[in-house]
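Coordinate-derived values only; no laboratory data. Here the structure is a predicted model, which is why all the values come from computation and not from measurement. A quick note on method: Cβ atoms are made from the backbone with ideal geometry, for glycine too, and the neighbour counts reach across all protein chains shown.
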Amino acid sequence: MEGQGTMPAGWYHGEGDPPGTKRYWDGSAWTGEPTVMSDSPNPSAGAGVQDSGLNPASVGKRLGGRVIDSILFSIPVAGVAISQIDFDSVVDAVEAGETVEVSGGNALWAVLITLVIWLIEAAFVATLGATPGKLLVGTRIASTETRSTPPSWATAALRTAVRALGAISAISLALGNIVSGIVVLIGLASLVLLYTDDRRQTVMDKIAKTIVVDK
């Protein structure tokens, strides 16, 4: 398409793309893959999920992907956590009727583990468009603004920010219970939205403006 450098951002049919498809032009370069889309005057504004080619993944796939991720990420977390426990001290404290306290070193490890998991998950989303669990069940995370996957790094980091909240809980005892409560509420609200929202967007999907779709 001639004059691409002067084209405003929007949806266009790219030269060489399959007939009946469009992809997003951000003003300087194409983003995402060609998407089957109707020839509405402004497909990015008010387009329905089916019209834009973004078909929400089923609740079963959403939950299945999250379960797989939880299992995969819990394995290294459990390994590091166990390696930091002085079991002799724990046994001695229990036998003496004393309270087992979390040391500052263990709290630091909890912070580091949480942040590493957040970065890994964000990297998967920003580069592959999905977490390991979503890749296995055949779903992808797309931006509702650009209709493309993978989303930007900023979007990926924002969508996975719940993982970073765990670090705050470990850093501050004063904020720990509050933050943990917030995480629980986000999880419960997201579960309700999976069954009631027409796009099955969770709380973090709505904040980051993303949607989980079938591959």
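Simple spin-label estimate for L72 and L165 gives 2.3 nm between the two label positions (7 Å along the Cα-to-Cβ direction from each Cα). A simple packing score, the average count of other Cβ atoms within 10 Å per residue, orders the peptides 111-123, 9-21 as 111-123, 9-21, with the highest score first. For K215, the residues whose amide H sits under 5 Å from its own are T139, R140, ignoring neighbours fewer than 5 places away on the same chain, with H placed 1.01 Å from N.
Stretched out straight at 0.36 nm per residue, the stretch from V192 to W30 would grow longer than its current Cα-Cα span by 54.8 nm. Treating r as the C-beta distance of V116 and E15 and R0 as 45 Å, the FRET efficiency rounds to 0.60.
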